[in-house]
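Here the structure is laid out as structure tokens; the discussion comes afterwards.
The values are calculated or read from the model by the stated rules, or taken from the named source; none is laboratory data. Owing to the predicted nature of the structure, the values given are computational and were not obtained by experimental measurement. FYI the Cβ positions are ideal-geometry reconstructions off the backbone, even for glycines, and counts take in every protein chain you see. What goes into the accessible areas is simple: the full protein's heavy atoms, side chains included, and nothing from ligands, DNA or RNA. Shrake-Rupley method; radii C 1.70, N 1.55, O 1.52, S 1.80 Å.
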Amino acid sequence: MIREAWEREKLLIFYRSVLRQDLLPFWERAVDPVRGGVYTCFDNRGERRLSSDKYTWSQGRFLWIWSRLADLCARKLADGDPNLYMEQAERTYRFLHRHALLPNGNCAFLLTEDGEPKEPIPGYGYDTSFYADCFVILGYTEYGRVAGDREALRQAALLYESVERRLRAKKVRSEPYPVPDNLASHGYSMIMLNAAQELADAWRSADGGQAERFRHRSAAYMDDIMMRFRDSQGRIREVLAADEAAERDENERLLLRHLNPGHSLESMWFVMREAAETGNGESIRKAIVSVKRALALGWDDEYGGLLRYVDKEGGPPSGRRTMGDNGAERFEALIETTWSMKLWWPHSESLYAALLGYRLSGDDELADWYERLHRYTFAVFPNDDKSVGEWIQIRTREGEPSEQVVALPVKDPYHILRNVMLIIELLSDWGR
């Protein structure tokens, strides 16, 4: 499917069709044309809008998507009017700029349709996850890059610095995945790597000094992932003990034993892109080993597809539950109740990770994995009702649609669209 140039050309046509015919019509209908942003609170089939609330997490992601889409259309890699997408992206940027930041400088996690902060969990406050800040950073960065808006880039850099200060002071929250203070989360380094590398790329033409500063931060987070969270077997550990007492529990505790194959794959393509940017062949090699390890551990031999969570030795997550720590208990409950789900986002991430890894290495095992993932993903996730379109994002282990909430109660615009666009870019540039 991808080994020959003609196969890749055929695949490029396929992904362009997926973007234009299956994905974009749904999200073009979901745009708020008055206030800016996008509506995301739909049922899993996308047939009913359940709320007009706007999760900042998803609004920042949408801003990235619509800005990148305008860029693809301007470069004739996708069909559509780049000016229209940039107008809607600018409206979303203005909406976030007016409403997302709280008086303390953090981003509100949830906004009403008009932009008023709203507690996602009554009594927990407004700024319940620094991930919302990170996705606003990513959205501002891509919008600033494509629009040539230096002020948007400056705002993204300031917010990035704010997040780094909070991380150093251990004053971040991470709903819906709360991590206990005595543990270290791979997700923290992963999202900061992605934010830093995008800032470095965006600042390149605007300010070389800023670009170099963010490239340095990218390298630091990449090294943290590859040296601390990547173990001797090539597994990417999702949560690690941060002190000696917790380390003794490693082989017993559920939170420390579980792996997240989708996160591992997404993280490794961040690493591969960063390593390719800086000529770090050793990190590319190690990332490719970890991609294959994540796929082998995450693949469901019985029903096909990638499981949401697995044990570090393979199979269902296992280990002792935490007692007396409400945040850890909620995280572990999420692992235990959703481990067997087949979700849209790990599969879209796996497609790009396998394809990028094959492009960088020529490893035939990755080509085989890509073909297996492609067959499963496009047989299971796309919505059969073409009048609605998009994907039915949440599936049971057997592949049937499910209305179970697995993180946020949203139909998110990010992973599928991002990876389809990145694949289009990769395939378009393959032979050059």
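Things worth noting here:
- Apportionment of accessible area to carbon and sulfur, the range 293-342, percent (1.4 Å): 49 percent
- Residues 289, 179, ordered by accessible area of protein heavy atoms at a 1.4 angstrom probe radius and largest first, appear as 289, 179.
- Note: the range 115-268, Cα convex hull, 135 Å³ per residue.
- Accessible area (Å², per residue) of the chain, counting only protein heavy atoms and a probe of 1.4 Å: 39 Å²
- Ligands, DNA and RNA left out, the 1.4 Å accessible surface of the range 48-149 is 46% carbon and sulfur atoms.
- Packing here is the average count of other Cβ atoms within 10 Å per residue, and on that basis the peptides 264-272, 336-344, 50-58, highest first, run 264-272, 50-58, 336-344.
- For P(r) over Cα pairs in 20 Å bins from 0, in percent, calculated from these coordinates, the label among (i) 26, 64, 10; (ii) 25, 56, 18, 1; (iii) 22, 36, 21, 16, 6, 0: (i)
- Residue by residue, the range 4-20 carries 3J(HN,Hα) couplings of 10, 4, 5, 5, 5, 5, 5, 5, 4, 4, 4, 5, 5, 5, 4, 4, 6 Hz when phi is fed to the Karplus relation 6.51 cos²θ - 1.76 cosθ + 1.60 (θ = phi - 60°); x denotes Gly or Pro.
- Environment charge of residue 282, counting only residues whose C-beta is closer than 13 Å and scoring Lys/Arg +1, Asp/Glu -1: +1
- Burial order of peptide ranges 154-163, 12-21 (average beta-carbon count within 10 Å, highest first): 154-163, 12-21
- Proximal lysines to residue 54, defined as alpha-carbon separation beneath 29 angstrom and excluding residues fewer than eight positions away on the same chain: 118, 170, 171, 342, 386, 411
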